[in-house]
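The values are calculated or read from the model by the stated rules, or taken from the named source; none is laboratory data. In this text the structure is predicted, and so the values were computed from the model without any measurement. Neighbour counts run over all protein chains shown; Cβ positions are idealised from the backbone, glycine included. Surface accessibility is based on the protein's heavy atoms, side chains included, excluding ligands, DNA and RNA. Shrake-Rupley method; radii C 1.70, N 1.55, O 1.52, S 1.80 Å.
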Amino acid sequence: MADGASDATRDDLLRVENLTMRFGGLVAVDKLSFTARRGDITAIIGPNGAGKTTFFNCITGFYKPTEGRVALAHGSQAAFEALPAATFGGKQWSKAEGAGAVFLLERMPGFEIARLARVARTFQNIRLFAGMTLLENLLVAQHTVLNAASGYTIGGLLGLASFKRAEAEAIDKAAYWLREIGLIDRADDPAGDLPYGAQRRLEIARAMCTDPVLLCLDEPAAGLNPRESAELNALLLKIREEHALSILLIEHDMGVVMQISDRIAVLDYGQKIAGGTPEEIRADPRVIAAYLGVPDDEVEDVEAEVGL
Amino acid sequence: MTDTLQPETSPVTRTLPRAAITADVIKDAGITFLIALLLFGSIVGLRTETVNGVLVLMPQFGKALALAAAVAVGRLLLDVFIWRRMKDGRTFTSLIPSALPILKGAGALAVVFGLALYSIPGFRASLVAGAGTVHGALGAVADLLTFACESTFLVMAAMAIVRAARLIIGQTPEEAVGQGMLRRFTADFGREFPIALLLIALVLPALTAGPSQRYAIDTATQILIYVMLGWGLNIVVGLAGLLDLGYVAFYAVGAYTYALISTQFGWSFWVCLPLAGFFAALWGITLGFPVLRLRGDYLAIVTMAFGEIIRIVLLNWQSLTGGPNGINRIPKLTFFGLPFDRTGEGTFASVFGLKFDPLHRMVFLYYVILALALLTNFITLRLRRLPIGRAWEALREDEIACRSVGINTVTTKLTAFAIGAMFGGFAGSFFAARQGFISPESFTFMESALVLAIVVLGGLGSQLGVVIAAVILIGSAERFRDLEDYRMLIFGLSMVLVMIWRPRGLMSGRTPSAFLKARKNISGSFVKEGRG
């Protein structure tokens, strides 16, 4: 359901240029350039091993890319004007005149990408704090705010009232997200005790508790049944509307991808082979070839069309 | 065909001729005897002793034979009376309910018998004269029984007081309504038991009045030092999930800080205490930096090496630490400036108009370490509910997820090392002030292992578990000093048994640091141990 009407108002949020990630001789991501727009749900699809998760890990700081630039603008795309200065000034981030800050994600350590650039993520194989309660999981996600409010522990040790207020607010926020994902009744149970689908939702709530501008979801619908997938769609659309959020989504479930994404980028062998709206992607012969392969007698036709 | 096969394949209905069973049983007992002989022959039968500085082998095969025979007889009895009954489809555990009344009765009888034996004057003395080895074992059993009875009685009394106090101020545990008496009594165990323990700890010097008071208070002080060390290490291992095998290094740094500063500059204990904590924390950070990238077994090995480095530096830096001779005449603790001396002006006894008694100093030391340990506990419990404590636990659960929510894992790990080390440093300086003499010998790897054993046995992350484990490990080691090396055998055996029955320690599971509706304990099976 691409929302064509608001296309004009959506500017660039994330610009990835020439991103390359090599593991020894293996090139997992190969000179990839990619743009995600503010407010969009951008899906990244591709066959297994296409480099989608590696791409995510480069954006969120879990890998240091071998080459390339990953820039994220807060506020509006006017912030990108500060990009050359920041790039050559050797800075991790920079603020343009009268605009938001621009972050060079490939230079920042992972935790600062989450903290300063406010890029949150979930994981393909769920990574919750299994031995902690749902509420605690969401409180840990608000660590940056709470830790500052606790005067970096010292004020908290002394029991300052300001910290108690901050903690009460954090609990309210956690409760809000638990209601959103329909798990408020299980707030005091360990996260490891939840069924699979609920764990996926909790991971999204945990990411949202960090107040992200960009939410990166690595296969959020994997292992969900059709009803749960539909609920996930509704949840993602809702939080996008209500929290001024942009979403980057790796997904194999085409039901989810085609229904909720505004733009889709297709990766194969570490390269972007197509990009556009769901309708365009659905009709793109290169995508069909990458996913399904082609009959032997049509190989030449397709290769001609694709430009090989 | 099938009819004839079935009885043979199914052990449930298998019936063997009587003679075969007897032969089986005897063969089994024989094999057991051989295995036991092999084990005891090497462990008990070959004893080494130092005579005039030379290591001499003292064979005592008689003892080993007796032990192996005892094991074989035990096996025989089990075979005949228990396992043969199990052959008709019942498992050993299914037998327990039917045997429970008998076991209960036997237990009660054993307690009464043990107490009676113990209370007969001169009984132990006559045993000494009568049967040498038997004495040790019987005396130990009697000791254990009285110790268990005394402590159970004490805890129950304290819990009754706590319950009474709660009822007076109008709190009633909800679960306490309408169940069996014992169930009602232990209804709010989790909350009342720690308070009861605290109550006992506070009045312990008064409880132990009698001829063995000095020994009891000394042992209690010893236990409290380990409780404090356990609580300190619990931050690193239990909360942050970083396996530290060199914790004794921080203990040593604290002890030498106090010893050096007080002997060189004459500063008082209370000034040196924060300094000792500071230097230990500094060493914690120094240790933390290089091991940040290590996980699991590698982390354990490197921390162990760091612990040894400290000890070897202390041993070899003669000019500063006195090398193997250590540091002696470390100023003893004073009562806020009043020394506990026999003679002289302005001593504790003279100022308060008391007759000099060495006990005063010991009781004071006891309360100092109690206060320090409680401070450690208070701060740890407080930290657990702060963002930093939650970040430690999150680090133990999943380090990568921590980074994804913006937690700086480097500083989080370093604070865990530093704060854990600080409490170790406090305990170390107390140790130096209590002993008056320290040398590198007090800070061997065994100490690290012991403190870690306390934390693991108690249950990773559990404050109460550390107390129980310290009382069991240090208290029993002290109590069974007569048994010499056998106590290490018992120590190892009991650790193995605990790891089989309660692999996550005596108090497994964790209490959530925050709750929305009700605080529910989390089963240990969900909680991760951490991989560094």
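Of these, B:Ala201, B:Ala216, B:Ala209, B:Ala220, which one is of a type outside the set (Ser, Thr, Tyr) and outside any helix (DSSP H, G or I)? Write out each step before concluding.
Details: B:Ala201 fails: outside any helix (DSSP H, G or I); B:Ala216 fails: outside any helix (DSSP H, G or I); B:Ala220 fails: outside any helix (DSSP H, G or I).
That would be B:Ala209, the only listed residue that is of a type outside the set (Ser, Thr, Tyr) and outside any helix (DSSP H, G or I).
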- Query: Among the helices (runs of 4 or more DSSP H) confined wholly to segment B:446-532, which include 1 or more residues that are under 30 Å from B:Leu294 (Cβ atoms), open to solvent by 50 Å² or more (accessible area, probe 1.4 Å) and outside the structural domain of B:Arg385 (by TED's automatic domain parsing)?
  - Reply: B:486-501
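How many of the residues in segment B:223-255 are part of a helix (DSSP H, G or I), small (Gly, Ala, Ser) and under 17 Å from B:Val456 (Cβ atoms)?
First pass over segment B:223-255, keeping only residues part of a helix (DSSP H, G or I): B:223-239, B:248-255.
From what is left, the residues that are small (Gly, Ala, Ser) are B:230, B:232, B:238, B:249, B:252, B:254-255.
Restricting the remaining residues to those that are under 17 Å from B:Val456 (Cβ atoms) gives B:230, B:232, B:238.
So the count comes out to 3.
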- Pick out the one residue from A:Pro109, A:Pro84, A:Pro65 that is more than 26 Å from B:Glu399 (Cα to Cα) and not aromatic (Phe, Trp, Tyr). A:Pro84
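Answer yes or no as to whether B:Gly389 is under 21 Å from A:Leu139 (Cβ atoms), open to solvent by 10 Å² or more (accessible area, probe 1.4 Å), small (Gly, Ala, Ser) and over 14 Å from the mean Cα position of the chain (by Cα). Write out each step before concluding.
On the way: under 21 Å from A:Leu139 (Cβ atoms): yes; open to solvent by 10 Å² or more (accessible area, probe 1.4 Å): no; small (Gly, Ala, Ser): yes; over 14 Å from the mean Cα position of the chain (by Cα): yes.
It is false that B:Gly389 is under 21 Å from A:Leu139 (Cβ atoms), open to solvent by 10 Å² or more (accessible area, probe 1.4 Å), small (Gly, Ala, Ser) and over 14 Å from the mean Cα position of the chain (by Cα).
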- Query: For segment A:27-42, does any single residue satisfy the condition of being more than 27 Å from A:His252 (Cβ to Cβ) and in contact (Cβ under 8 Å) with a residue 40 or more places away in the chain?
  - Reply: no
- Which residue pairs have Cβ atoms closer than 7 Å, lie 6 or more positions apart in sequence or on different chains, and pair a first residue in segment A:130-143 that is more than 7 Å from chain B (Cβ to nearest Cβ) with a second residue that is of a type in the set (Lys, Arg) and not in a strand (DSSP E or B)? A:Leu134/A:Arg186; A:Asn137/A:Arg206; A:Leu138/A:Arg206; A:Gln142/A:Lys173
- Item | Sole exception among (1) open to solvent by less than 10 Å² (accessible area, probe 1.4 Å); (2) closer than 20 Å to A:Ala174 by Cβ; (3) aliphatic (A, V, I, L, M) for A:Ile113, by number | (2)
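Does segment B:260-273 include one or more residues that are more than 22 Å from B:Phe336 (Cβ to Cβ) and either within 28 Å of the chain's Cα centre (by Cα) or touching a residue at least 12 places away in the same chain (Cβ under 8 Å) (or both)?
Taking segment B:260-273 and keeping what is more than 22 Å from B:Phe336 (Cβ to Cβ), we get B:260, B:264.
Okay, now just the ones that are also either within 28 Å of the chain's Cα centre (by Cα) or touching a residue at least 12 places away in the same chain (Cβ under 8 Å) (or both), so B:260.
Within segment B:260-273 (the criterion being more than 22 Å from B:Phe336 (Cβ to Cβ) and either within 28 Å of the chain's Cα centre (by Cα) or touching a residue at least 12 places away in the same chain (Cβ under 8 Å) (or both)), the answer is yes, since at least one residue qualifies.
Rundown of residues vs (1) within 19 Å of B:Leu287 (Cβ to Cβ); (2) facing another protein chain (nearest Cβ under 9 Å); (3) among the aromatic types (Phe, Trp, Tyr), yes/no style:
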| position | (1), (2), (3) |
| --- | --- |
| B:Glu399 | yes, no, no |
| B:Val405 | no, yes, no |
| B:Thr415 | yes, yes, no |
| B:Phe423 | yes, no, yes |
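Are there any strands (runs of 3 or more DSSP E) wholly within segment A:5-55 with 1 or more residues that are over 15 Å from A:Leu72 (Cα atoms) and open to solvent by 30 Å² or more (accessible area, probe 1.4 Å), and if so which?
On the way: elements: A:12-23, A:26-37, A:41-45.
Qualifying strands (runs of 3 or more DSSP E): A:12-23, A:26-37.
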- Working carefully through the options A:Phe123, A:Phe80, find the one that is within 14 Å of chain B (Cβ to nearest Cβ) and of a type outside the set (S, T, N, Q). A:Phe123
- Is it the case that some residue within segment B:431-439 is closer than 23 Å to B:Leu299 by Cα and either more than 11 Å from chain A (Cβ to nearest Cβ) or of a type in the set (Lys, Arg) (or both)? no
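May I ask you to verify whether A:Gly75 is more than 13 Å from chain B (Cβ to nearest Cβ) and either over 19 Å from A:Asn18 (Cα atoms) or modelled with pLDDT of 90 or more (or both)? Quick ask: steps written out before the conclusion?
Numbers: more than 13 Å from chain B (Cβ to nearest Cβ): yes; either over 19 Å from A:Asn18 (Cα atoms) or modelled with pLDDT of 90 or more (or both): yes.
So A:Gly75 passes the test.
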- Task: Hey, can you tell me all the residues within segment A:253-268 that are open to solvent by 10 Å² or more (accessible area, probe 1.4 Å) and more than 17 Å from A:Asp284 (Cα to Cα)?
- Result: A:Asp253, A:Gly255, A:Gln259
- Query: List the pairs whose first member sits in segment B:396-422 and is within 19 Å of A:Arg206 (Cα to Cα), whose second member is open to solvent by 10 Å² or more (accessible area, probe 1.4 Å) and of a type in the set (Ser, Thr, Tyr), and whose Cβ atoms are under 7 Å apart, counting only residues at least 6 apart or on separate chains?
  - Reply: B:Glu399/B:Thr409; B:Cys402/B:Thr409; B:Arg403/B:Thr409; B:Val405/A:Thr210; B:Gly406/A:Thr144; B:Gly406/A:Thr210
- Note on segment A:244-266: residues under 15 Å from the mean Cα position of the chain (by Cα), modelled with pLDDT of 85 or more and hydrophobic (A, V, I, L, M, F, W, C) are A:Leu245, A:Ile247, A:Leu248, A:Leu249, A:Ile250, A:Val257, A:Ile260, A:Ile264, A:Ala265
